[in-house]
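The values are calculated or read from the model by the stated rules, or taken from the named source; none is laboratory data. Bear in mind that the values here come from a model prediction, so they are computed numbers and not experimental data. Positions of Cβ are backbone-derived with ideal geometry, glycine not excepted, and every protein chain shown enters the neighbour counts.
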Amino acid sequence: MDLHDLIRAEAPLAERQRALTEPVLAALVDRGLHRILLPQRHGGAELGLPEWSREVQELSRSDASTGWTVMTTTISSSLAWFLPVAAADEIFGDPRTLIAGTAAPIGRGEAAEGGYRVSGRWGWGSAVPYSQWVIGGTLTPDGPRLAVYPRSDVTIHDTWYVSGLCATGSHEFSVTDAFVPAARTALPGVTTPGTNSPLARFPFFCFLAAGVASVGLGIAQRAIDEIVTLAVEKTPQHATKRLAEQTGAQIDVALMEARLSAARAFLAGELDAVWELAWAGSDIPDGVKGRLRLACTFASAEATEVTQKAFALGGGTSVFESSALQRCLRDAHVANQHTIVSRRLLETYSMVRFGLGPDTARF
């Protein structure tokens with residue numbers, strides 16, 4: 001079966017069980033989608049971020065939870081570029097290894113011989129239940145680090161009862177007095193990369209924001225697909241013409257397509273620009289990073305509004321579990337709640353433009 005056909009067929013069950021199904025997980029791993037950003041020495045494709053964004057969009061078009069899972073595991077796998085080679089080999093030597101976690105420095109680490117002893121409990125652990133290695137942002141005596149733990153050190157807490165992105169497995173997780181070698185810690189943008197590459201030079205928060213926005217764009221495209229199919233088939237109650245033959249619906253669909261295409265193009269253009277600078281090894285000014293963050297926030301917001309309009313146009317049909325439109329609506333709103341695409345970024349961007357000197361550390 002085609003991968004996207006499989007993902008769409010399994011999506012309703014995945015939502016009910018709050019986890020991706022085994023056939024989908026196996027298909028993703030078999031096709032190496034979790035390794036598309038890894039170094040070639042670990043069997044990775046070293047895909048460029050513009051191509052990665054398009055891949056995430058297409059997977060999210062089939063199912064948002066699947067696209068989100070690939071997005072977060074591939075972002076997590078980029079740590080391979082920052083770790084010392086021996087540590088990266090330990091984690092990524094198995095070609096079927098998945099890695100996920102949370103970057104927020106919630107863990108607390110104390111110095112120990114050769115590393116740190118860490119305790120902490122993190123939220124938003126997307127894909128952690130599917131992973132063999134887990135990242136937890138940790139404050140150490142040497143500053144904040146992303147620390148990597150074997151799954152056996154991690155306890156998962158069943159907390160992901162939510163309205164959308166239900167199958168991402170984004171539960172809370174914890175470690176208690178776990179030892180992590182110093183070599184299994186790094187911080188993108190601060191520690192020196194273990195392996196040189198454009199990805200290692202790309203701003204990490206821009207990377208995460210582009211991933212979240214890409215998921216949103218994929219969801220919105222699916223919503224448009226669904227409403228076009230429905231409009232051709234449906235004659236609304238008390239109407240004499242099919243929805244597709246009604247002027248209001250025709251105008252709505254055209255505007256949805258235009259808004260989504262504009263948001264997608266804005267993101268693609270800014271992502272290309274930053275990627276080219278990272279590829280050339282050039283410094284990336286705050287203004288350039290700010291434009292990409294603006295494009296990500298705009299894309300996520302536009303995708304959510306387009307999805308909502310598609311849901312509304314579907315009328316009563318949209319509300320049934322059998323309609324993908326209701327799942328698109330819920331998934332889009334949950335994705336858009338991520339702090340990395342918050343509307344607060346719009347204020348920061350404009351302050352940069354006005355020369356008001358805001359804190360751009362999270363650009």
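Odds and ends about this structure:
- Any hit, segment 17-40, residues being surrounded by fewer than 17 Cβ atoms within 10 Å (Cβ to Cβ), touching an Asp or Glu at 6+ places or on another chain (Cβ under 8 Å) and at pLDDT below 95: yes
- Answer residue from segment 159-180, given it is aliphatic (A, V, I, L, M) and more than 22 Å from ARG108 (Cβ to Cβ) and is surrounded by the fewest Cβ atoms within 10 Å (Cβ to Cβ) among those: VAL162
- Test for VAL56: is it under 13 Å from the mean Cα position of the chain (by Cα), modelled with pLDDT of 95 or more and farther than 22 Å from THR192 by Cβ: yes
- Only residues that are under 20 Å from VAL228 (Cβ atoms), without any contact (Cβ under 8 Å) to a residue 40 or more places away in the chain and more than 21 Å from the chain's Cα centre (by Cα) were counted in segment 320-358, giving 2.
- If you go through segment 116-141 and pick out every residue that is of a type outside the set (A, V, I, L, M) and surrounded by fewer than 18 Cβ atoms within 10 Å (Cβ to Cβ), you end up with 6.
- Single condition PRO144 does not satisfy, out of (1) assigned by TED's automatic domain parsing to the domain that holds PHE82; (2) surrounded by fewer than 18 Cβ atoms within 10 Å (Cβ to Cβ); (3) in contact with a helix residue (DSSP H, G or I) (Cβ under 7 Å, 6 or more places away or on another chain); (4) not hydrophobic (A, V, I, L, M, F, W, C): (3)
- Subset of segment 125-153 that is within 27 Å of ALA26 (Cα to Cα) and of a type in the set (D, E, K, R) - its residue that is farthest from the chain's Cα centre (by Cα): ASP153
- If the condition is being surrounded by fewer than 23 Cβ atoms within 10 Å (Cβ to Cβ) and either outside the structural domain of ASP225 (by TED's automatic domain parsing) or among the aliphatic types (A, V, I, L, M) (or both), then segment 275-308 contributes LEU277, ALA278, ALA280, ILE284, VAL288, LEU294, ALA301.
- Among residues of segment 235-256 being touching a Lys or Arg at 6+ places or on another chain (Cβ under 9 Å) and in a loop (DSSP other than H, G, I, E, B), the one that is nearest to PHE311 (Cα to Cα) is PRO236.
- Applying the criterion of being part of a loop (DSSP other than H, G, I, E, B) and farther than 27 Å from SER197 by Cα to the residues of segment 85-142, the residue that is modelled with the lowest pLDDT is PRO141.
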